[in-house]
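Student: Below is one structure. I have some questions about it.
No value in this document is a laboratory result; all are computed from the given coordinates. All values derive from a computational prediction rather than experimental measurement. So basically every Cβ, Gly included, is an ideal-geometry build from the backbone, and we count neighbours across all protein chains shown.
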């Protein structure tokens, strides 16, 4: 049972519950999936403005890309919650001995990087869908412009919401690339010195 | 079977399909329900900043109101699609005789008013949830601020998306109150004249 196999009623109840997951990251992914789906729908409507065979193909390709991105965002609804659950599990690891402390810290850092990858994936997918949306806005059925605009609104909110989650989690990462980089720098200097 | 008893996977597929419903209006309602649910979750979290009994009660009341608004928005997902289906059915009514034309036109106008009421309800519910969100932002657990901000993002997108639907449908209403009003005005003038 994943979050997206739940009924909408049950998923909304899960969001309302005080359990930490699903939270804002999964909600952002779902909003992005909704937005991309609307763009895919508009692209698939009859009476488009695509007048040439080339434009018909462009519109079709954009619609298919939006549908694929919607499926990707749908999967990220689950992945974001899973990643956050693993972060919380890592925090609960024992921390009595120095070895335990080091293992726990490494575990938290690894889990945190996954917890950043999920909303980062949401940001990328939303940006990619919005890019396709420009083609849909130009060539799609003009009478569906409100559906298209709602799609853009949802993608924008999803992207900003996902960014908030990236930023919050980045705050818990101890200098992710920096430490490796500075250790390398020190090694390189030592080698040369 | 309503839209919200579908699984999330199936509902997203329904949004992606070229069928006109569900469309942007239902998507806006769902985004609003998601946003309100996040606010309700944050209000229900332990470790809030409510220090007095009064504040604990205020936070609890705001959370309950957000949960109720989320349920209202959940119902509007279905209602928006139903209303739009009725508009399309009204357009398909016969229009051969003058009587048929008049009945069809009246049917379209009545259906259109319902199709405006649904997104208008979404706008009102989102605005009310955002208002409660101010209490949650002040008194709720500060560590959930990203969940709260995602909630606000979704409510904003839902409100603007619903407004687009109100505006589009208003364009199809023939002077909604105006004609009644001007007929009344004429009658009143006639009575006086």
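Student: If residue B:31 satisfies all but one of (1) over 23 Å from residue A:161 (Cβ atoms); (2) facing another protein chain (nearest Cβ under 8 Å); (3) not in a loop (DSSP other than H, G, I, E, B), what's the number of the condition it fails?
Tutor: If we test residue B:31 against (1) over 23 Å from residue A:161 (Cβ atoms); (2) facing another protein chain (nearest Cβ under 8 Å); (3) not in a loop (DSSP other than H, G, I, E, B), just (1) comes out false.
Student: Related question: What is the residue count in region B:4-16 for residues that are more than 7 Å from chain A (Cβ to nearest Cβ) and under 18 Å from residue A:14 (Cβ atoms)?
Tutor: Qualifying residue count, region B:4-16: 1.
Student: Inspect all residues belonging to region A:138-155 and state whether any of them is out of contact with any helix residue (DSSP H, G or I) (no Cβ under 6 Å at 6 or more places or on another chain), free of Cβ contacts under 8 Å to residues at least 60 places away in the same chain and within 25 Å of residue B:29 (Cβ to Cβ).
Tutor: For region A:138-155, residues out of contact with any helix residue (DSSP H, G or I) (no Cβ under 6 Å at 6 or more places or on another chain), free of Cβ contacts under 8 Å to residues at least 60 places away in the same chain and within 25 Å of residue B:29 (Cβ to Cβ): present.
Student: How about region B:147-173: which of its residues are more than 7 Å from chain A (Cβ to nearest Cβ) and over 30 Å from residue B:114 (Cβ atoms)?
Tutor: Residue satisfying the conditions is B:148 alone.
Student: OK, next. Any idea which residue in region A:53-66 is farthest from the other protein chains (Cβ to nearest Cβ), counting only those that are surrounded by fewer than 24 Cβ atoms within 10 Å (Cβ to Cβ) and either outside any helix (DSSP H, G or I) or within 23 Å of the chain's Cα centre (by Cα) (or both)?
Tutor: Within region A:53-66, the match that is farthest from the other protein chains (Cβ to nearest Cβ) is A:61.
Student: Residues A:50, A:43, A:19: which one is more than 7 Å from every other protein chain (Cβ to nearest Cβ), outside any helix (DSSP H, G or I) and surrounded by 18 or more Cβ atoms within 10 Å (Cβ to Cβ)?
Tutor: On the way: A:43 fails: outside any helix (DSSP H, G or I); A:19 fails: surrounded by 18 or more Cβ atoms within 10 Å (Cβ to Cβ).
Going through A:50, A:43, A:19 in turn, just one is more than 7 Å from every other protein chain (Cβ to nearest Cβ), outside any helix (DSSP H, G or I) and surrounded by 18 or more Cβ atoms within 10 Å (Cβ to Cβ): A:50.
Student: If you don't mind, there's one more thing I want to ask. Just checking, how many residues over region B:83-115 are in contact with a helix residue (DSSP H, G or I) (Cβ under 8 Å, 6 or more places away or on another chain) and within 26 Å of residue B:163 (Cβ to Cβ)?
Tutor: 14
Student: Still on this structure, I have one more. Do we have residue A:144 as within 8 Å of another protein chain (Cβ to nearest Cβ) and over 19 Å from the mean Cα position of the chain (by Cα) here?
Tutor: yes
Student: Let me ask something additional. Just checking, which of B:137, B:144, B:103 is closer than 30 Å to residue B:84 by Cα and part of a helix (DSSP H, G or I)?
Tutor: Unique residue meeting the criteria: B:103.
Student: Determine, yes or no, whether residue A:118 is assigned to a helix (DSSP H, G or I) and more than 24 Å from residue A:166 (Cβ to Cβ).
Tutor: On the way: assigned to a helix (DSSP H, G or I): yes; more than 24 Å from residue A:166 (Cβ to Cβ): no.
So residue A:118 fails the test.
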